[in-house]
Amino acid sequence: MSVEQRHRLILRQVRDKGSVRVADLAEALGVSAVTLRRDVEHLAAQGLLTRVHGGVTLPRDTDAPAPPASKLTIGMLVPTAHYYYPAVIKGAQEQAARAGARLVLGISRYDDAEDRAQVRQLVEGGADGLLLTPSRQPDDDHAEWLAGLRVPAVLVERRAELAGPASMLDAVASDHAHGAYLAVRHLAELGHRKLALVAYPSPTTPRIRVGLLAAASSLGVAVAQEVVIDRGRTDELAAGVAGLVRDQGVTGLLVHNDEDALSLVRHLGAAGVAIPGEVSLVAYDDEVAAFCSPSLTAVAPPKEEVGRCAVDLLITRLTRGSAPGRHLALLPELRVRESSAPASP
């Protein structure tokens, strides 16, 4: 750990706790008492903290000054860098660069233990704050971990449920329920009156389901049973969806995500189901939907803007600690292509 990193961690501990024993600081940072005292003397000489018997406090009648944005290191945890999140990372990196801050990335590969390991490494490496996308939606199992974070954090593309363990964190996410509403409204306007959701289980799926059911209710559209994607049984999936179309009168599909939508289109074509002739299809995420044949109408979450807003929220929290907390919901848009058409009479 560099001297600069130690100084940032010392100031953070003092800002968070008001006063800290030198022995506790040395143990927390894993350095000798001699090294810690040298750091404290340097920071005290700059007026950033005050030495007291056996410990340090904030300077009297003031707070230790927050670091300028140009000196900040931002740690970013994402579950993957191969689908969806590259655009979020890009937005965050661009916004951090505009502020002169440094962005450091950790990837957990959808593993809870790796979430914690990556965050620990980011903080120990000197991250002043965190952009957090845990592998799953935060629940009670995350409460102790989130409460123990030593730096400010912003939840990214995860929903901060009321009274949940992450409810007090700043948060920014795409409004996936609204995205599903856009898909249902589009299909309803084309005359489709019976729809089905085809979805792979993910942290996003519950919000898509909520939006679809609410939109269907308000627009007078029926919803058939949900089809859960099993990526090891694609032929069975296509057969089940073909049955909904030909036996149950489903004429519109919302498929999450669009990689699975591309696979489904290919298998439905092999089964003789025409898109959009027999069934219209709207994909969700718009990562690769435009490259299908036919090209897929898709809901596009504002991924880059999510990254940009997350950095803004974190920098505000780090430089103005007393700012009100914020939960931001950004609206997706619908991109209409060849896979949706008016329902057949």
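Just to be sure, is Thr251 buried (at least 20 other Cβ atoms within 10 Å of the Cβ), in contact with a helix residue (DSSP H, G or I) (Cβ under 9 Å, 6 or more places away or on another chain) and among the polar types (S, T, N, Q)? Working first, answer last.
Numbers: buried (at least 20 other Cβ atoms within 10 Å of the Cβ): yes; in contact with a helix residue (DSSP H, G or I) (Cβ under 9 Å, 6 or more places away or on another chain): yes; among the polar types (S, T, N, Q): yes.
So Thr251 passes the test.
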- Message: Checking Met76 against (1) modelled with pLDDT of 95 or more; (2) more than 18 Å from Gln121 (Cα to Cα); (3) surrounded by 17 or more Cβ atoms within 10 Å (Cβ to Cβ): exactly one of these is not met. Which one?
- Response: (2)
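Every residue in segment 207-225 that is assigned to a loop (DSSP other than H, G, I, E, B) and either of a type in the set (Gly, Ala, Ser) or open to solvent by 30 Å² or more (accessible area, probe 1.4 Å) (or both), please. Walk me through it before giving the result.
Here is the first cut: in segment 207-225, the residues assigned to a loop (DSSP other than H, G, I, E, B) are 220-221, 224-225.
Across segment 207-225, the qualifying residues are Gly220, Ala224, Gln225.
Every residue, every condition in (1) under 19 Å from Ile89 (Cβ atoms); (2) more than 18 Å from the chain's Cα centre (by Cα), yes or no:
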{"site": "Gln121", "(1), (2)": "yes, yes"}
{"site": "Leu131", "(1), (2)": "yes, no"}
{"site": "Pro138", "(1), (2)": "no, no"}
{"site": "His142", "(1), (2)": "no, no"}
{"site": "Ala166", "(1), (2)": "no, no"}
{"site": "Ala183", "(1), (2)": "no, yes"}
{"site": "Ser202", "(1), (2)": "yes, no"}
{"site": "Arg207", "(1), (2)": "no, no"}
- Residue selected from segment 37-72 under the condition buried (at least 17 other Cβ atoms within 10 Å of the Cβ), hydrophobic (A, V, I, L, M, F, W, C) and assigned to a helix (DSSP H, G or I), by the criterion modelled with the highest pLDDT: Val40
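Out of curiosity, is Ala113 on the phi > 0 side of the Ramachandran plot and out of contact with any Ser or Thr (no Cβ under 6 Å at 6 or more places or on another chain)? Please lay out each step first, then the result.
On the way: on the phi > 0 side of the Ramachandran plot: no; out of contact with any Ser or Thr (no Cβ under 6 Å at 6 or more places or on another chain): yes.
Taking the combined requirement at face value, the residue does not satisfy it.
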- Item | Output for segment 174-206, where each listed residue is surrounded by fewer than 24 Cβ atoms within 10 Å (Cβ to Cβ) and more than 22 Å from Leu262 (Cβ to Cβ) | Asp175, Ala177, His178, Arg185, Ala188, Glu189, Gly191, Arg193, Lys194, Pro206
- Task: Within segment 37-47, count every residue that is out of contact with any helix residue (DSSP H, G or I) (no Cβ under 9 Å at 6 or more places or on another chain) and either hydrophobic (A, V, I, L, M, F, W, C) or closer than 25 Å to Ser322 by Cβ (or both).
- Result: 4
- Task: Answer yes if at least one residue in segment 158-170 is without any contact (Cβ under 8 Å) to a residue 40 or more places away in the chain and crowded, with 21+ Cβ neighbours inside 10 Å, and no otherwise.
- Result: yes
- Message: With the requirement that a residue be open to solvent by 30 Å² or more (accessible area, probe 1.4 Å), out of contact with any helix residue (DSSP H, G or I) (no Cβ under 8 Å at 6 or more places or on another chain) and either closer than 18 Å to Thr73 by Cβ or part of a helix (DSSP H, G or I) (or both), what does segment 1-36 give you?
- Response: Ser2, Glu4, Gln5, Arg8, Arg15, Asp16, Lys17, Asp24, Glu27, Val34
- Note on the structure: The correct count of residues that are part of a helix (DSSP H, G or I) and either basic (Lys, Arg) or out of contact with any strand residue (DSSP E or B) (no Cβ under 9 Å at 6 or more places or on another chain) (or both) in segment 100-141 is 7
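The values are calculated or read from the model by the stated rules, or taken from the named source; none is laboratory data. Here the structure is a predicted model, which means the values were calculated and not measured. Glycine gets a Cβ as well: all are built from the backbone with ideal geometry, and neighbour counts include every protein chain shown. Side chains are part of the model used for accessible areas, which takes the heavy atoms of the whole protein and leaves out ligands, DNA and RNA. Shrake-Rupley method; radii C 1.70, N 1.55, O 1.52, S 1.80 Å.
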